[in-house]
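Read the structure below first, then the notes.
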Amino acid sequence: MIITVSEKAKYNLADSKRFRILKNRISNGISTRQDREESLLRKILEQLHSAEISEEEKPRIKELRELVTQKLSRFPSAILDLIHASKNPTEVRELISAGKTKTKFIALFEPQKAFGGKSLFYRLQENHFDYHYRRLWHWEDFLAAGVIDFNERDESGRRLMTILLQNRDQRNVTRLLKFGDFVSEKEYELTEGTELRDFLNYQPGLDEPTIYELVNDPKERKREDYPEKVAAMLADQADTTDEESTDSEVESSIYDLSSDSEEEEYPGKISLQNRIDLYNEGESGCENLALVEYRGLHFKKGFSLEEKERIKAKKFESEDTFSLAIKDPAFQEMETHEESSSSSEEEIESPIKRRRVKQIKTKWKETEKAEDDPSKYKTIRSFERLSFRLMQQYIMAFKGLVIKGSIQSVYGFPSAKNPFLSLTRFPGKAILYGSGVRHEKIESIFRNPHYRRFTGRPKHPVTGYVEVYVFDPEYARKNSYNRDILYSEGKISLKQTYLNGEGERLVIAHIPKRYHRYRFFIVFPNFSNKLTYKKWKEKYGLRVQSKSFEKIQKILRSPDRGEERKKKYLESLLKIAQWMDKYCGPRISEWIRHSIFNREGKIVVHDHPEGKLSLDPFMGYRHKPTII
């Protein structure tokens, strides 16, 4: 083995004379400058640890290692001096962060007076670090100060990384990688059949490197952004707890919103309004009119993977929609007189669901006919019918009514679950609900799109979907209630908070599948660096400013952890959903309008008070109207 000190000073350890010369140089001082000597000693030590050696050379190698390690331990260390002087930890960390301690390595495996005669490695082991030292010093303190030599070897010739891998210490392996260490091929082989192998093989995307490949790529390690990339990938791996497979990035819909149907040109607004006026004046029916409503559903944590994949199937099929009450296992079946069922009830294939729908609707009709009794419910306000009281409570006191179950205990419904289906005339509002941002505070429900810090891509881009229902206006009026119209007519009272433009329509128990016509998926966009702002805007149709795009991208890709980062992350998800509300909602509405006209010759209309229809949606009132 040849030890190279400089180009002119090379020592063959197989030669006894050259070995003695090198040993004497080390003992007497290999350089007159202290910083130069330390650098040369570390260079020698690295060669002694990394070279392949013969059995004959082992005693000489061991002797030189011990000599070099002993010499290195005598060099002063700012951190050791401060620890030995029992300085305040905050003061020491300030010096570390200011870079004033990044000059001297601390021997990992040599006993130190500052650590009570123990080595730094001994003290850093969780089980051996007594209360005093654990409270003051952590791995990050020494790693951040740059005083740990990753290539230093113990008596058996092992690097710190090797020891940690053999100990299955993933937490500290992660720390070393974060601060610039790597995993050699031989060290990688040590992890076979362990969780550490899975950790090193973690891959944030199919076209991205694994952790092992990244930390061992010489070109990547030389890049200025390498520390940020490693930190981002390690943070992604730490946050990966969902066993569900990664979603493929589907389009925002199973329909192409980029082009409208080509069969017919959509009529002008005046021509359309003339048709609606004929209906409003009683001169024609509503055969050529359609009332469109949207319902946003989130792939919350209760969704099974099988159900999710069924919904995402490319071939769309209309299906009956039932309220939670109809699906309730605790539904209280009651004996009812056999009466003829409505045509919509006859269409229901399941006898149990058909019976339950009929039972809920029967109970609702009783509520519609029942007079309200303010004294019974301990309120000042008296309602025209009990059904209006129930709907107002549903809007303003949802939790008490259908979460705590007062709809059953107080109103006598056969299920404590929600008997209503809540729709909206605004597709953007449905997107907000389906995206999950309206549920983010309920951790048992909210499914995080889980943006990868390393790639900027969401692991679960599809977080929900929007169902589209196309009603006959007469059917909708007989079987549902427009919240804004109820308020405008004085049927219910709403606090200012609830005059929020939700555009809500309540349907009782069931929507027949013949009205279920379209489905759009809600896709959180990719914020990868591979997509320029211009391409990103064109791909997702979100016409936001470049500064807004870059701000969100920076937050989503930040390797930071903790509550502050979580807060900013959730705020970013809300902002993205609001962008989809603003820009995707109108696109869906426009596409639906053209599609229905071109396929069926029908005009999309909206409910207005006094039984009128209009091209424009009724926006409701921002204050209580005057009821004469």
- [ ] Please state which one of PRO204, PRO209 is surrounded by 16 or more Cβ atoms within 10 Å (Cβ to Cβ) and in contact with an Asp or Glu (Cβ under 6 Å, 6 or more places away or on another chain).
- [x] PRO204
Task: Number of positions in region 370-392 that are within 22 Å of SER488 (Cβ to Cβ) and in contact (Cβ under 8 Å) with a residue 12 or more places away in the chain - done: 12
Task: strands (runs of 3 or more DSSP E) contained in region 396-505 and holding at least 3 residues open to solvent by less than 10 Å² (accessible area, probe 1.4 Å), touching a Ser or Thr at 6+ places or on another chain (Cβ under 6 Å) and of a type in the set (Gly, Ala, Ser) - done: none
Task: Tabulated pairs, region 484-505, first under 19 Å from LEU291 (Cβ atoms) and in contact (Cβ under 8 Å) with a residue 40 or more places away in the chain, second open to solvent by 50 Å² or more (accessible area, probe 1.4 Å) and not β-branched (Val, Ile, Thr), C-beta under 6 angstrom, 6+ apart or interchain - done: SER488/TYR621
Task: Residues being in a helix (DSSP H, G or I), out of contact with any helix residue (DSSP H, G or I) (no Cβ under 7 Å at 6 or more places or on another chain) and modelled with pLDDT under 80 - total across region 44-61 - done: 5
Task: Selection within region 376-395 - open to solvent by 20 Å² or more (accessible area, probe 1.4 Å) and among the hydroxyl-bearing types (Ser, Thr, Tyr) - done: TYR377, THR379, SER382
Task: Hits in region 147-187 - residues which are open to solvent by 40 Å² or more (accessible area, probe 1.4 Å), closer than 26 Å to LYS58 by Cβ and in a helix (DSSP H, G or I) - done: GLN166, GLU185, LYS186
- [ ] May I ask you to verify whether GLU563 is farther than 30 Å from PRO473 by Cα, of a type in the set (Asp, Glu) and at pLDDT below 90?
- [x] yes
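The values are calculated or read from the model by the stated rules, or taken from the named source; none is laboratory data. From a predicted model like this one, the values you see are computed outputs, not experimental measurements. Because the Cβ atoms are built from the backbone with ideal geometry, glycine has one as well, and the counts that use them run over all protein chains shown. Just so you know, the surface numbers come from the protein's heavy atoms only, side chains and all, with ligands and any DNA or RNA stripped out. Shrake-Rupley method; radii C 1.70, N 1.55, O 1.52, S 1.80 Å.
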